[in-house]
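So the structure is just underneath, and the comments pick up after that.
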Amino acid sequence: MRISQQTIDLHNEKLFSSHKRKFDFIAAEIPHVESIIQKLIAFNVAIPSWALGTGGTRFGRFPGGGEPRSLEEKIDDVGLLHALNQSSGAISLHIPWDIPHDYQSILQHAASLGIRFDAVNSNTFQDQSDQQFSYKFGSLQHVDKHVRKQAIAHNKEVINHGIELGSKALTVWLSDGSSFPGQLNFRKAFQHTLESLQEIYSALPADWKIFVEYKAFEPNFYSMTVGDWGQSLLYANKLGPKAFSLVDLGHHLPNANIEQIVALLLMEGKLAGFHFNDSKYGDDDLTVGSIKPYQLFLIFNELVEGMDARGLNHATDLGWMIDASHNVKDPLEDLLQSVEAIMLAYAQALMVDRKKLNHAQASNDVVSAQELLQDTFRTDLRSVVAEARIRAGGALDPIRFYREHGIRQSLINERGANNKATGL
Ligand code: LRH
Ligand code: MN
């Protein structure tokens, strides 16, 4: 299903006057609004190929219909999101859930929708039917070298798929760990994992990166072999200059100060990027900014400060990806909300008066520092994000457009009500 520019322009015409009123009001307050808009236009968030269908939990899954039946249809859905918000111009594949069978046709199809391939993800947390050795007791950490060899070979295969698609990074998330005290020798598990990652690292092309994603718990519930940012950084430092730590917002213990972790990984030049989502308890994979929007703003505040301190290109030097699971929402509406929340947090972080904040920090003026951040967070920049979107050819109100044009029903008519997309 493709959306014509003409249909989007018609939608924008209807909503333009109220948008202009809001935008002109706020733009008058922000001297550098044009540079913020240019940065927003350049910024894209990669959509996870495993989150285009309905997610579920062990207690149940309630499909909404019209789910993509193939990688081509997943790319169609990302193309649909990108046509509406002009900020979703990339897809992150998960192998073997989304093995590309014909690279050329997949590349042409994606290019025709303005979609590029972001980091590719390996999967050694599930056993495939044709697999010789089980990952029940881990993969790269496993006590049996045959299991480790099998997992290393899989990661090399994933790199090869990525090379064919123009991807430049491999994300490795390991479910490896233990569920009971005494089950695992932590030192040997770390060393097996490091040796295995070193073999995968040596298979990376010169211009590639490896993202080491950490997680505090689940599916192991006593220890995870890449359990926190410290362990992930240890691996990344021991692996070499192409290895970085990936921050999935849902992978922290309660009340972790994620914005401080981000600031320090960035300072060390070891921040890979993000799997954006939100959570109240565990790895809930909820809509970005739906539970802790202030934390998301504080993370982007550290990102803008830290990226500018290192002279990084905001749009290209870090991995911007969503990792979510949609149990009760339409997957495409959920993803539109998540991208909007990310763009809003980024816009607000770009609005922060860094000079005034640095001065407040340098003079221990705690109240002014907080007032400055909260004043920015309480400033409604939705019309600035919308202005960037329409200048890039997107819709003023993507979810309204999606509903008014009955897109989900069209997808159900085209694909059926009961098919299940590959993924979580
Ligand atoms: C693990 C994780 C990882 C993916 C998976 C789909 O919780 O965040 O990034 O491989 O979700
Ligand atoms: Mn993740």
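The values are calculated or read from the model by the stated rules, or taken from the named source; none is laboratory data. Quick caveat, the model's predicted, so the values are computed rather than measured. Counting neighbours? That spans all protein chains shown, and the Cβs are built from the backbone with ideal geometry, glycine included. When the accessible area is computed, the model is the full protein with side chains, heavy atoms only, and any ligands, DNA or RNA have been set aside. Shrake-Rupley method; radii C 1.70, N 1.55, O 1.52, S 1.80 Å.
Nearest 5 is fine: what % of DSSP beta bridges in the chain come out antiparallel, could you say? It would help to have the intermediate numbers written out before the result.
On the way: 5 of 31 bridges.
Close to 15 percent.
Give me the percent relative contact order of segment 241-351, please, defined on Cα pairs under 8 angstrom at least 6 residues apart. Kindly include the intermediate steps, with their values, before the conclusion.
Values: 157 pairs, mean separation 33.5, N = 111.
Rounded, it is 30 percent for segment 241-351.
By per-residue mean of other Cβ atoms within 10 Å, what is the highest-first order of 175-182, 256-263, 189-196? Don't skip to the answer; put the middle values down first.
Details: 175-182: 15.9, 256-263: 17.8, 189-196: 19.4.
Output ranking for 175-182, 256-263, 189-196: 189-196, 256-263, 175-182.
Given the convex hull of the Cα atoms of segment 207-346, what is a quarter of its surface area in nm²? Kindly include the intermediate steps, with their values, before the conclusion.
Values: hull surface 34.0 nm².
Mean shadow area of the hull around the Cα atoms is 8.5 nm².
At q = 0.14, 0.31 Å⁻¹, work out log10 I(q)/I(0) for segment 349-406 with the Debye formula, treating every Cα as an identical point scatterer and leaving solvent out; two decimals please.
-0.56, -1.15
Eigenvalues of the Cα gyration tensor times 5, then square-rooted: what semi-axes does that give for segment 103-203, in whole angstrom, largest first? Show your work: numbers first, answer last.
Numbers: eigenvalues 189, 34, 28 Å².
The answer is 31, 13, 12 Å, longest axis first.
Near K238, which lysines are there with a Cα under 30 Å away, not counting those fewer than 8 places off in the same chain?
Within the straight-line cut-off, K238 pairs with K136, K145, K149, K156, K168, K188, K209, K215, K270.
Rounded, prolate or oblate for segment 302-391? Axes are the square roots of the Cα gyration tensor eigenvalues, ordered a ≥ b ≥ c, and the cut-off for rounded is a/c under 1.5. Don't skip to the answer; put the middle values down first.
Values: a/c = 2.13, a/b = 1.76, b/c = 1.21.
Here segment 302-391 falls in the prolate category.
Compute the separation of the alpha-carbon centres of segment 319-389 and segment 135-200 and state it in Å as a whole number.
With segment 319-389 and segment 135-200 each reduced to a Cα centre, they are spaced 35 Å.
How much of the accessible area of the chain, in percent, comes from carbon and sulfur atoms when a 1.4 Å probe is used? Display every interim value, and only then the final one.
Working: 10080 of 18620 Å².
Looking at the chain in its full context, I get 54 percent from C and S.
Helix check for the chain. Which DSSP H runs span at least 18 Å along their own axis by Cα, with a mean Kyte-Doolittle hydropathy no less than 0.0? Don't skip to the end; give the middle numbers.
On the way: long enough: 5-27 (28 Å, -0.83); 71-85 (21 Å, 0.05); 145-165 (30 Å, -0.69); 186-201 (22 Å, -0.56); 293-309 (24 Å, 0.51); 331-351 (30 Å, 0.83).
Going by DSSP H runs, the hits are 71-85, 293-309, 331-351.
Can you tell me the alpha carbon radius of gyration of the chain divided by the globular rule-of-thumb value 2.2 N^0.38 Å?
So the chain has a normalised radius of gyration of 0.99.
In terms of the Cα gyration tensor, with a ≥ b ≥ c the square roots of its eigenvalues, is segment 132-256 rounded because a/c is under 1.5, prolate because a/b exceeds b/c, or oblate? Can you show the working numbers first?
On the way: a/c = 1.83, a/b = 1.28, b/c = 1.43.
Oblate.
What per residue convex hull volume, in Å³, comes out for segment 152-213 when only alpha-carbon positions are used? Let's see the in-between values first.
Details: hull volume 5.1 nm³, N = 62.
Hull volume over Cα atoms, normalised by residue count, gives 83 Å³.
Taking a probe of 1.4 Å, how large is the accessible area per residue of the chain, in Å²?
44
Which of the three applies to segment 24-149, rounded, prolate or oblate, going by the alpha-carbon gyration tensor with a ≥ b ≥ c and a/c under 1.5 meaning rounded? Write out the running numbers ahead of the final one.
Details: a/c = 2.18, a/b = 1.97, b/c = 1.11.
It comes out prolate by the Cα gyration axes.
Taking every Cα atom in segment 236-313, find the radius of gyration and the maximum pairwise distance Dmax, and write them in Å.
Computed over the Cα atoms of segment 236-313, radius of gyration and Dmax are 12.8, 36 Å.
Roughly speaking, what is the centre-to-centre gap between segment 267-294 and segment 30-73 when only Cα atoms are used, to the nearest Å?
14
Report the residue, chosen from D397, D228, D353, that carries the largest GNM mean-square fluctuation when the chain is represented by alpha-carbon nodes joined by springs under 10 Å.
Top of the fluctuation ranking is D353.
Only bridges with both residues in segment 1-123 count here: give the DSSP antiparallel percent, nearest 5. Please list the in-between numbers first.
Working: 2 of 8 bridges.
Restricted to segment 1-123, the bridges split so that about 25 percent are antiparallel.
For segment 14-95, what is the convex hull volume of the alpha-carbon atoms per residue, in Å³?
Values: hull volume 13.8 nm³, N = 82.
Looking at segment 14-95, the number lands at 168 Å³ per residue.
If contacts are Cα pairs under 8 angstrom and at least 6 residues apart, what is the relative contact order of the chain in percent?
On the way: 769 pairs, mean separation 102.2, N = 424.
Across the chain, relative contact order equals 24 percent.
Compute the length gained on full extension between E305 and E371: take 0.36 nm times their separation in residues and subtract their Cα-Cα distance, giving the result in nm to one decimal. Don't jump to the answer; show the numbers that get you there.
Values: separation 66, 0.36 × 66 = 23.76 nm, distance 1.76 nm.
Going from the current span to full extension adds 22.0 nm.
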